[in-house]
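A short worksheet on the structure shown next.
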Amino acid sequence: MQQIASQCTNCGAFTRRSLQHEEEYQSSVLLERLRTSNFPAADEEISHVRHTILPTVSDDISSIESKLASLREVITSMEEERGRLITVQKRYNNLISLHRTLPLEIWSQIFLYTISNASDSNAFDASGSIWQLSHVCQRWRNVALSLHSFWSTMDIRFPKAAKHEGDVQLETVIQRSRQGSLHISLSDDPSYGQTSNSDIINRMLEIVLTESYRWREFHLSDWRGGFHMLYAPLHNRLPRLEAVGLYCAPLELEEHSVVSVFKDCPHLKKLTLGGGTLGVEFPWDQITELDLSCMDFDGDDEERRACMRLIGQCPSLEVLSTPYSDSEDDESADTPITCSNMSKLDALSVPVINALTLPRLREASIHPDPGTADILYSFKRLLIRSSCLSALTKLSLANVPLAASPEHSLFSILSQTHSLTVLDLAVSILQWWVATAPPLFPPHSAGVWPCLAAPSVV
C-alpha cells in the first residue's frame with residue numbers, strides 16, 4: 001500500500017500514512033477491466049464507483065489541498081519575516097557605514113562639488129539640485145543649511161520668478177546665504193509671458209538692492225525696466241564686487257545718461273558688456289578681464305570705435321574677448337593700442353587685431369566668421385608688431401581661410417612659433433592639414449615645432 005507524507009498539526013513533524021482504499025481505486029479488478037475493455041460498466045459497478053471510490057478520492061484530494069494551503073501560509077509568513085530581517089540588516093549596515101562617520105567638512109566639499117556645474121548652482125530654482133539635496137534627510141539638510149556659499153548664486157528670471165511668490169523664496173535664500181558673498185543674475189524670460197505682479201517684482205528688487213554690499217558678481221541681461229534699478233540709490237556701496245555683466249538693447253539706458261554706480265568698486269576686475277551699455281562708468285584702470293563678445297560691431301563703426309577707446313582706457317587688461325566685425329574702416333588702427341599686460345586674446349575682428357599691440361601675448365583664440373580673408377595675415381602682423389611670435393604658447397583656430405598666399409598661410413605662422421605647446425584646430429582645418437602636411441611640413445618639423453608631436457594637439 002502506498003505511503004504519503006503528512007505534517008503533524010502540533011509539532012510540524014512529517015509522518016507517513018497509507019491511502020485508504022488504494023487497491024479499490026488503483027489496483028482493483030474493476031479498474032483494470034474498465035481500462036482494457038470497451039464494454040460499458042454494469043449498474044452495480046457504476047454505483048460502486050460513484051458512491052465509494054470517487055468520494056474517497058475526493059476526500060484525500062481535499063486533505064492534501066488543505067495541507068498544501070497550510071504550507072503556503074507558512075512559506076508566505078517565512079518570506080515576510082525574511083524581508084523584515086533584510087530591512088533590519090540594511091538599517092544596521094547603514095548605521096555603521098563610512099558615510100555616517102564623515103566630518104562636516106568632507107560633506108561640505110561633496111555638496112559643493114555636486115553643484116559645481118553652473119546649471120545646478122542656482123539657489124533660486126526650487127527644483128534644482130541644491131533644494132533636492134537639502135530634502136534627503138536631516139543630516140543632509142543640516143549640511144546644506146550650514147553652507148552659506150551653497151545658497152549664494154541666484155539666477156532670477158522675470159516674470160516667472162514673480163509668478164511663484166518669488167519674494168518669499170528670495171528672502172529664504174538670502175537668509176540661508178547669511179553674510180556670504182552673492183552672485184546675482186537678473187534676466188528676462190519672454191517665453192513665460194507677461195505678469196501683473198509688479199508689487200512682487202518691486203519687492204524682489206528691493207531685497208536684491210538691500211543686499212548689494214554682498215554682491216561679488218552681478219549680471220543684468222535683456223530685462224525691460226531692469227536697468228532702471230541702476231539709477232536707484234543703493235543702500236550700500238559695492239565693496240565686494242569683482243565681476244559685472246551687462247547685456248541690453250541700446251534703448252534700455254536713458255538717453256545721454258551715465259550710470260556711475262560701479263565707478264567706485266575697489267575690487268572690480270572683470271567686465272562683460274553687451275550692446276547699449278557704453279553709458280555705464282567703471283574703474284577702467286583696474287579692469288583685468290574685458291569681454292566685449294556680446295557687442296554688435298557689424299555695421300556700427302561708431303560703437304566699435306567707442307569700444308576700442310574703452311580698451312585703451314584699461315592699462316591693467318590681461319584678457320580680452322572681442323566680437324566679429326567685417327568693417328574695413330578702422331581709424332584707430334592708425335594709432336595702435338598697446339596693452340602691456342595682456343596675455344590672452346579672443347578675437348573675431350580684423351580691425352581689432354589691427355589696432356592692438358600686445359607684447360606679453362601668450363594665448364590666442366582666432367575664430368572669425370567664414371570669409372574673413374585677411375584674419376591670418378592681420379594676426380601674424382599683430383604677433384610681429386608685438387614681438388611675441390616666438391613666445392606664443394597656446395593657439396586656437398577655427399573658420400580661418402585655408403586657401404591663402406604663402407605669407408598669409410597657417411604654416412607661415414606656425415613655423416615661427418617655437419614655444420607653442422597647445423594647438424586647438426577645427427575639424428575642417430585638421431582635414432586640410434592631413435591633406436597638405438607632406439608638402440608643407442618638412443621631416444624635422446617635430447623638432448622645430450614641438451607641438452606637432454605632442455598629444456596636446458586636438
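The values are calculated or read from the model by the stated rules, or taken from the named source; none is laboratory data. Since this is a predicted model, take the numbers as computed values, not measurements. In this analysis, Cβ positions are derived from the backbone assuming ideal geometry, glycine residues included, and neighbour counts consider all displayed protein chains. Areas reflect the complete protein model, heavy atoms only, side chains present, ligands, DNA and RNA absent. Shrake-Rupley method; radii C 1.70, N 1.55, O 1.52, S 1.80 Å.
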Legend entry - Every residue from segment 147-206 that is modelled with pLDDT under 75, open to solvent by 80 Å² or more (accessible area, probe 1.4 Å), of a type in the set (D, E, K, R) and outside any helix (DSSP H, G or I): Glu165
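Would you confirm whether or not segment 95-104 contains a residue that is at pLDDT 90 or above and in a helix (DSSP H, G or I)?
No, segment 95-104 contains no residue that is at pLDDT 90 or above and in a helix (DSSP H, G or I).
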Legend entry - Pairs, first under 18 Å from Arg100 (Cα atoms) in segment 128-145, second open to solvent by less than 50 Å² (accessible area, probe 1.4 Å) and of a type in the set (Val, Ile, Thr), C-beta under 9 Å, six or more apart: Leu133/Ile115; Leu133/Val143; Ser134/Val143; Ala144/Ile130
Legend entry - One residue from Phe124, Phe111 being in contact (Cβ under 8 Å) with a residue 40 or more places away in the chain, under 20 Å from Val173 (Cα atoms) and of a type in the set (Phe, Trp, Tyr): Phe124
Legend entry - Enumeration of residues in segment 285-315 that are among the small types (Gly, Ala, Ser) and either open to solvent by less than 40 Å² (accessible area, probe 1.4 Å) or modelled with pLDDT under 80 (or both): Gly299, Ala306
Inset, instruction - Please state which of the following conditions Ala41 fails to meet, knowing it meets all the rest: (1) open to solvent by 80 Å² or more (accessible area, probe 1.4 Å); (2) among the hydrophobic types (A, V, I, L, M, F, W, C); (3) not in a helix (DSSP H, G or I). - result: (1)
Inset, instruction - Quick one: which residue in Ile86, Ile61, Ile53, Ile96 is aliphatic (A, V, I, L, M), open to solvent by 100 Å² or more (accessible area, probe 1.4 Å) and over 30 Å from Leu182 (Cβ atoms)? - result: Ile96
Inset, instruction - Evaluate segment 347-364: report whether one residue or more is modelled with pLDDT of 75 or more, part of a loop (DSSP other than H, G, I, E, B) and open to solvent by less than 40 Å² (accessible area, probe 1.4 Å). - result: yes
Inset, instruction - Could you please let me know if Arg141 is exposed (fewer than 14 other Cβ atoms within 10 Å of the Cβ) and in contact with a helix residue (DSSP H, G or I) (Cβ under 9 Å, 6 or more places away or on another chain)? - result: yes
Legend entry - Matching residues in segment 121-169 - criterion: being hydroxyl-bearing (Ser, Thr, Tyr) and in contact with an Asp or Glu (Cβ under 6 Å, 6 or more places away or on another chain): Ser129
